[in-house]
Amino acid sequence: MSSNIKRAVSLYSYQEEFFLKKMNLEDCIAAAAATGATGIEIVGEQSVPGCPKLPSDAFVDQWFGWMDKYKVTPVAHDMFLDYNKKKGHYWSDDEAVESFKQDIRFAHKLGFKVIRVIVNTTPQIIEKVIPFAEDHDIKLGIEVHAPWNINSAWMERHWDVMERTGTKHFGFIPDMGGFCRRLPRVQVDRMIRNGADPEIAKFVCEQHEKGIMAEYTIFEVSRMSNRRIDMAVAELSRHNTFVNPLSLVPHIDRIVHIHGKCLEMLEDCTEYSIPYNEVVAVLLKHGYNGYIATEYEGNRHIQDVYEVDSVEQVRRHQQMLKNLGCGI
Amino acid sequence: MSSNIKRAVSLYSYQEEFFLKKMNLEDCIAAAAATGATGIEIVGEQSVPGCPKLPSDAFVDQWFGWMDKYKVTPVAHDMFLDYNKKKGHYWSDDEAVESFKQDIRFAHKLGFKVIRVIVNTTPQIIEKVIPFAEDHDIKLGIEVHAPWNINSAWMERHWDVMERTGTKHFGFIPDMGGFCRRLPRVQVDRMIRNGADPEIAKFVCEQHEKGIMAEYTIFEVSRMSNRRIDMAVAELSRHNTFVNPLSLVPHIDRIVHIHGKCLEMLEDCTEYSIPYNEVVAVLLKHGYNGYIATEYEGNRHIQDVYEVDSVEQVRRHQQMLKNLGCGI
Amino acid sequence: MYEKYMIVPELAKKTEKGFEIGARLPYYRGVSLSMVEEIEVTLDGETLPQSDVSILINGKTYNLEQRENELDDRWEMGEVATLAIAKSGELPAGEHKLGLKINLRIGYMPFPSIRIAERNIIIN
Amino acid sequence: MYEKYMIVPELAKKTEKGFEIGARLPYYRGVSLSMVEEIEVTLDGETLPQSDVSILINGKTYNLEQRENELDDRWEMGEVATLAIAKSGELPAGEHKLGLKINLRIGYMPFPSIRIAERNIIIN
Ligand SMILES: [Mn+2]
Ligand SMILES: [Mn+2]
């Protein structure tokens with residue numbers, strides 16, 4: 001089974017092993033390719049020392065050598081705007097634009113076609129950068145990360161820029177973490193390890209699955225407990241949103257890339273919290289034809305007590321996407 | 001200019017004058033009809049004493065007499081579920097279903113075709129009531145009221161009932177108060193009268209218009225002030241949401257009715273907070289063909305110091321809808 | 001909501017057992033009496049026991065317990081009820097500062113619906 | 001996030017001016033040194049002044065003021081830096097309870113990104 005949706009892996013997924021130097025950059029690329037994914041995404045400042053400074057020609061040669069060797073394509077680079085990089089000084093728009101352009105140069109040099117724009121980037125700054133992105137044929141994608149959703153007020157302001165400019169080089173990058181019908185178990189369990197009341201945790205999980213608005217759950221929990229850790233469990237429901245996957249439909253042609261967030265891939269190759277089958281069905285039906293890049297992020301919630309196996313988690317996520325009809 | 005969108009007035013809009021007995025039920029119907037609206041919505045428990053008990057035959061005759069006299073049609077009745085009507089007892093599903101059925105009988109007797117279902121009604125209860133609604137040819141519409149939106153987790157659970165049952169008698173009633181690009185000035189001004197800091201209020205309004213997520217604004221205000229009234233201003237941003245009107249598009253065929261919320265109709269017949277032109281453009285483009293019922297709710301925010309003129313506010317709202325191509 | 005109209009001063013008067021005032025329900029629809037969770041009257045700064053407040057509506061009188069258990073009879077929107085407050089001791093004729101708090105139990109609101117009014121009224 | 005790996009005990013040792021430990025940045029990407037808002041070391045329950053902590057990274061040493069002003073040089077992900085802590089007075093050889101708090105200034109986070117680690121380490 002195949003479709004127009006292509007599969008990629010963000011090397012962010014292997015951060016545990018990369019952090020601990022159990023895997024180097026080539027190992028990450030090789031592991032991604034071994035899943036059958038054809039695209040590579042990176043957080044430049046994670047994978048490439050010195051980023052967003054332009055990498056050396058030697059590095060660039062090696063990079064494209066790896067792309068050839070492992071038969072993968074550079075897909076997306078994730079950028080940040082460190083507005084308060086300098087203590088006590090908040091960047092002017094001009095400073096932010098200059099930082100942004102440097103990420104475009106960086107991405108362009110390594111062959112990426114998409115830049116993941118960090119969610120706090122203002123619409124004005126993006127509008128100023130669009131011509132530069134067009135010149136470098138880089139599509140900018142504002143990441144639609146929970147608790148935002150693609151129809152949020154903030155995203156509507158970005159949508160307005162897309163509409164007004166009519167550019168083909170600015171769109172959305174939904175992060176599938178915005179479709180958590182259940183609360184991620186790895187997060188809840190870690191909070192219980194840190195002292196949260198298991199009964200309250202159970203209540204919060206149930207309310208979330210019922211679709212109760214997080215503010216109501218937080219209010220209820222505030223009447224059950226005055227402990228910060230219990231309130232933190234309640235707030236999981238605010239940060240791990242679920243919205244109807246149909247919310248993507250009016251924006252399908254504006255989606256330039258997708259983050260295939262996963263926190264816990266089960267042995268049967270489903271994600272514990274996110275009904276990928278439902279989201280992917282909407283994407284397929286309405287003709288999304290870009291990449292979904294696996295973005296495993298469970299490590300931070302389990303590393304305190306478990307051995308992290310990012311490679312296996314990514315493999316399962318890619319297998320799931322394949323099962324759902326994505327990629328070759 | 002005309003379209004398939006029809007215009008109604010909810011008599012809820014005249015609540016100030018009705019409360020003070022300056023207008024009786026017939027006056028309200030007459031005022032609605034005078035705007036050119038062709039449909040009537042009521043909150044039964046407001047307009048009809050004893051509701052949801054079935055009205056007397058004499059009342060029913062008079063009701064339909066008024067409908068004929070003023071050339072208007074009954075459109076929608078707004079119901080409630082008073083789960084905790086009895087102190088210390090929370091209704092079972094069976095009790096809720098029975099109360100719901102009584103509202104259906106009530107609506108049916110007065111010729112209404114739609115029931116506005118209050119937002120806290122669970123999907124299970126609605127699913128149990130659907131056959132009864134079908135028998136009475138009453139369309140149930142769950143009100144999508146801010147801070148919910150039509151793609152919220154809670155609404156997705158109702159959407160799931162619509163999909164699974166395939167019924168034509170259950171859908172959504174978006175309340176246009178979910179499209180507040182600006183915070184309602186009448187609410188902000190009242191809070192300033194009640195002691196809120198005008199500078200903080202200005203900041204909150206600006207953040208809201210920029211599309212900043214309410215939680216961020218609330219956090220910022222909590223660092224500026226520890227006064228409850230200032231926090232209440234910040235929370236206005238959470239309760240008066242704005243989402244992209246395109247969010248309605250995937251659900252157009254499931255929208256059974258619309259609440260034309262307004263809090264402050266300006267002299268030029270625009271609403272201060274809600275960009276009706278943008279929302280109505282989406283509705284027209286995508287073929288919504290039901291009613292929009294004016295629901296003026298500004299009285300509660302100005303009655304402390306101003307004379308309320310609901311009739312004029314409704315007139316302006318209807319004129320606005322007419323200007324935008326709704327109704328005859 | 002409707003705080004301004006809650007207290008109906010024209011109906012205020014002394015009675016054998018205390019005093020009466022007029023009151024409107026501060027809500028946009030009528031409710032069964034059982035949903036009126038609290039009626040709290042404050043006179044010249046003194047909060048009076050809620051069990052000393054009866055409500056006269058639709059030609060009937062309900063004390064606190066009767067009100068809480070009344071699922072049928074309704075306080076309709078805009079209807080003026082009489083609140084009869086039992087109060088022993090002397091109540092000087094003339095102006096008094098009256099406070100009225102009405103708390104409604106509304107199913108779809110996660111929080112209690114509390115409305116508070118205060119005004120100077122003449123009780124003769 | 002990465003609290004478990006923040007302290008690198010193998011690098012701990014006494015120095016002329018106090019002691020050293022190894023440390024990793026508790027974050028999923030590298031940052032300029034200027035974004036490391038706080039490095040706070042606690043030894044056996046005593047919080048040591050942040051101005052007494054220098055960081056050795058990429059072959060250079062930065063004191064607090066130099067670190068705050070360093071916009072170019074970066075602490076990359078997973079890289080082990082040496083924290084040199086000046087401490088007068090006697091430091092007995094052997095096991096000590098070490099606390100490390102690192103606070104990062106991350107532009108897209110509305111709150112400070114504070115991570116705290118604690119472990120018993122041998123300082124000889
Ligand atoms: Mn992501
Ligand atoms: Mn409404």
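The values are calculated or read from the model by the stated rules, or taken from the named source; none is laboratory data. Not measured: the values here are computed from a predicted model. All Cβ positions, even for glycine, are placed from backbone atoms using ideal geometry, and neighbour counts span all protein chains on display. When the accessible area is computed, the model is the full protein with side chains, heavy atoms only, and any ligands, DNA or RNA have been set aside. Shrake-Rupley method; radii C 1.70, N 1.55, O 1.52, S 1.80 Å.
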Of all residues making up the stretch B:160-191, the number that are within 12 Å of another protein chain (Cβ to nearest Cβ) and either within 22 Å of A:H239 (Cα to Cα) or touching a strand residue (DSSP E or B) at 6+ places or on another chain (Cβ under 8 Å) (or both): 7
Residue within the stretch A:252-260 that is β-branched (V, I, T), more than 14 Å from ligand 1 (Cβ to nearest atom) and within 12 Å of another protein chain (Cβ to nearest Cβ) present: yes
Filtered residue count, the stretch B:1-29, keeping only those that are under 18 Å from the mean Cα position of the chain (by Cα) and outside any helix (DSSP H, G or I): 6
Odd one out for A:G211, checked against (1) outside the structural domain of A:G166 (by TED's automatic domain parsing); (2) surrounded by 18 or more Cβ atoms within 10 Å (Cβ to Cβ); (3) over 24 Å from B:W159 (Cα atoms): (3)
Residues of the stretch A:30-48 satisfying the condition of being surrounded by fewer than 24 Cβ atoms within 10 Å (Cβ to Cβ) and either part of a loop (DSSP other than H, G, I, E, B) or more than 16 Å from ligand 1 (Cβ to nearest atom) (or both): A:A30, A:A31, A:A33, A:A34, A:T35, A:G36, A:T38, A:V48
Scan of the stretch A:8-24 for residues that are within 16 Å of ligand 1 (Cβ to nearest atom) and either away from chain D (no Cβ under 14 Å) or open to solvent by 40 Å² or more (accessible area, probe 1.4 Å) (or both), ordered by number: A:A8, A:V9
Yes/no for B:D27 being assigned by TED's automatic domain parsing to the domain that holds B:H136, in contact with a Phe, Trp or Tyr (Cβ under 9 Å, 6 or more places away or on another chain) and open to solvent by 40 Å² or more (accessible area, probe 1.4 Å): yes
Inter-residue pairs, beta-carbon under 6 Å, first in contact (Cβ under 8 Å) with a residue 12 or more places away in the chain and in the stretch A:137-163, second among the basic types (K, R) and within 16 Å of ligand 1 (Cβ to nearest atom), 6+ apart: A:G141/A:R116; A:E143/A:R116
All positions within the stretch A:116-140 that are within 15 Å of A:K168 (Cβ to Cβ) and open to solvent by 10 Å² or more (accessible area, probe 1.4 Å): A:E127, A:P131, A:F132, A:E134, A:D135, A:H136, A:D137, A:K139
Members of the stretch A:233-271 found to be closer than 16 Å to A:V204 by Cβ and either open to solvent by less than 40 Å² (accessible area, probe 1.4 Å) or polar (S, T, N, Q) (or both), listed by number: A:V233, A:A234, A:L236, A:S237, A:N240, A:T241, A:F242
Count of the stretch C:73-99 residues which are assigned to a loop (DSSP other than H, G, I, E, B) and within 14 Å of chain B (Cβ to nearest Cβ): 5
Pairs where the first residue, in the stretch B:1-20, is touching a residue at least 60 places away in the same chain (Cβ under 8 Å) and the second is in a helix (DSSP H, G or I) and open to solvent by 10 Å² or more (accessible area, probe 1.4 Å), C-beta under 6 Å, 6+ apart: B:S3/B:L284
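Residue-by-condition table, conditions (1) outside the structural domain of A:P52 (by TED's automatic domain parsing); (2) in contact (Cβ under 8 Å) with a residue 12 or more places away in the chain; (3) of a type outside the set (A, V, I, L, M):
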position	(1), (2), (3)
A:I115	no, yes, no
A:V119	no, yes, no
A:F170	no, yes, yes
A:K202	yes, no, yes
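A quick yes/no check of all residues on (1) out of contact with any strand residue (DSSP E or B) (no Cβ under 6 Å at 6 or more places or on another chain); (2) within 10 Å of chain A (Cβ to nearest Cβ); (3) open to solvent by 10 Å² or more (accessible area, probe 1.4 Å):
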| residue | (1), (2), (3) |
| --- | --- |
| D:Y2 | yes, yes, no |
| D:A12 | no, no, yes |
| D:E16 | yes, no, yes |
| D:E20 | no, no, yes |
| D:A23 | no, no, no |
| D:P26 | no, yes, no |
| D:G30 | no, yes, no |
| D:S34 | yes, yes, no |
| D:E38 | no, no, yes |
Cross-chain or 6+ apart pairs with Cβ under 6 Å, the stretch D:1-25 first and under 12 Å from D:G78 (Cα atoms), then aliphatic (A, V, I, L, M) and open to solvent by 50 Å² or more (accessible area, probe 1.4 Å): D:V8/D:V80; D:G22/D:L11; D:G22/D:V80; D:R24/D:V80
The stretch A:192-208 - residue that is part of a helix (DSSP H, G or I), within 14 Å of another protein chain (Cβ to nearest Cβ) and in contact with a helix residue (DSSP H, G or I) (Cβ under 9 Å, 6 or more places away or on another chain) and, of those, farthest from ligand 2 (Cβ to nearest atom): A:C205
Some residue of the stretch A:71-84 being open to solvent by 30 Å² or more (accessible area, probe 1.4 Å), assigned by TED's automatic domain parsing to the domain that holds A:G36 and in a loop (DSSP other than H, G, I, E, B): yes
Residue in the stretch A:125-159 that is nearest to ligand 2 (Cβ to nearest atom), counting only those that are of a type in the set (D, E) and within 12 Å of another protein chain (Cβ to nearest Cβ): A:E156
Residue within the stretch B:90-112 that is under 23 Å from B:G260 (Cα atoms) and in a strand (DSSP E or B) present: no
Of residues in the stretch B:272-328 being within 14 Å of chain C (Cβ to nearest Cβ) and without any contact (Cβ under 8 Å) to a residue 24 or more places away in the chain, the one nearest to ligand 2 (Cβ to nearest atom): B:R300
Filter result for A:K113 (of a type in the set (K, R) and surrounded by fewer than 18 Cβ atoms within 10 Å (Cβ to Cβ)): no
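Table: residues versus (1) touching a helix residue (DSSP H, G or I) at 6+ places or on another chain (Cβ under 6 Å); (2) of a type outside the set (S, T, Y).
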position: A:G260; (1), (2): yes, yes
position: A:E267; (1), (2): no, yes
position: A:E271; (1), (2): no, yes
position: A:K285; (1), (2): no, yes
position: A:Y288; (1), (2): yes, no
position: A:R300; (1), (2): no, yes
position: A:S310; (1), (2): yes, no
position: A:Q313; (1), (2): no, yes
position: A:R316; (1), (2): no, yes
Condition met for C:V31 (over 29 Å from B:D78 (Cα atoms) and at pLDDT 95 or above): no
Every residue from the stretch A:164-186 that is farther than 26 Å from A:E206 by Cα and either within 16 Å of ligand 2 (Cβ to nearest atom) or in a strand (DSSP E or B) (or both): A:F170, A:G171, A:F172, A:I173
Meets criteria (open to solvent by 90 Å² or more (accessible area, probe 1.4 Å) and either closer than 24 Å to B:C51 by Cβ or free of Cβ contacts under 8 Å to residues at least 60 places away in the same chain (or both)) for C:E76: no
